[in-house]
Amino acid sequence: MTADKRIYVGGLFPDAQKSDLTERFAKFGEVKDVAVKVKSSGAGAASNTFAYVTLHTSEEKLQKCFSLYNKTKWKGSELKLELAKESFLHRLMKERQSLETMPDSTPEKQVELSSSEKSVVGREFTVTGAAPGTPVPGKHNWVVGKYGRVLPIVHMKDQRKRQISLKASSLFSLVSLIMACLKGSLLIVD
């Protein structure tokens, strides 16, 4: 079975060209795309040259390619081959195409909840579309956090009796604040 495989080719010589890589990998399948990348040092000289080669090939040919080229010398440089993840742009394009082919209206499934489940579901744990720091309507000393989570504001005093207001970013930070209060290093005031 043939499929597109993306290969990371590291350790290339500084003047590597797409045509060189296309010619070198063509015997293992159809070369769909070659992207040569050059990392330069702070002085501007090329310090690391690598490439991503997308190859339409079978598993057997891919294994043969890896066994033949991995850790071999090519024009003075030792090649390093690894199987790479799919390109982000290619993945994004496929996702957008799949969204275009999906029907616009999907019927939503109605689920009956018990009264105890309704009390839990009715609570607001996240607020969408609000800027961080926005007070939560109907909740005293609660604000919207960075990721839309509803967080409590904890008012505290240190040992010198200076007031400190903190937003607990998670349950862990809230528990650690309470533990600090129990140890006597902080006092909570309302």
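Rundown of residues vs (1) touching a Lys or Arg at 6+ places or on another chain (Cβ under 6 Å); (2) under 17 Å from Asp4 (Cβ atoms); (3) part of a strand (DSSP E or B), yes/no style:
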site: Ala26; (1), (2), (3): no, yes, no
site: Lys32; (1), (2), (3): no, yes, yes
site: Lys37; (1), (2), (3): no, no, yes
site: Ala51; (1), (2), (3): no, yes, yes
I need a count of the residues in the range 22-77 that are in contact with a Ser or Thr (Cβ under 7 Å, 6 or more places away or on another chain), of a type in the set (S, T, N, Q) and over 25 Å from Leu89 (Cα atoms). 2
In the range 17-33, anything under 19 Å from Leu68 (Cα atoms) and among the small types (Gly, Ala, Ser) is listed as Ala26, Gly29
Given the criterion modelled with pLDDT of 75 or more, of a type in the set (Lys, Arg) and part of a loop (DSSP other than H, G, I, E, B), identify the matching residue among Lys161, Lys109, Lys146. Lys146
Quick check: is even one residue across the range 4-15 free of Cβ contacts under 8 Å to residues at least 24 places away in the same chain, in the same structural domain as Thr72 (by TED's automatic domain parsing) and in contact with a helix residue (DSSP H, G or I) (Cβ under 9 Å, 6 or more places away or on another chain)? no
Taking the range 78-92 and keeping residues at pLDDT 90 or above and not in a strand (DSSP E or B) leaves Leu79, Ala84
Regarding the range 59-77, can at least one residue be identified that is part of a strand (DSSP E or B), touching a residue at least 40 places away in the same chain (Cβ under 8 Å) and either exposed (fewer than 14 other Cβ atoms within 10 Å of the Cβ) or of a type in the set (Lys, Arg) (or both)? no
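The values are calculated or read from the model by the stated rules, or taken from the named source; none is laboratory data. Quick caveat: nothing in here was measured; it's all calculated off a predicted structure. Glycine gets a Cβ as well: all are built from the backbone with ideal geometry, and neighbour counts include every protein chain shown.
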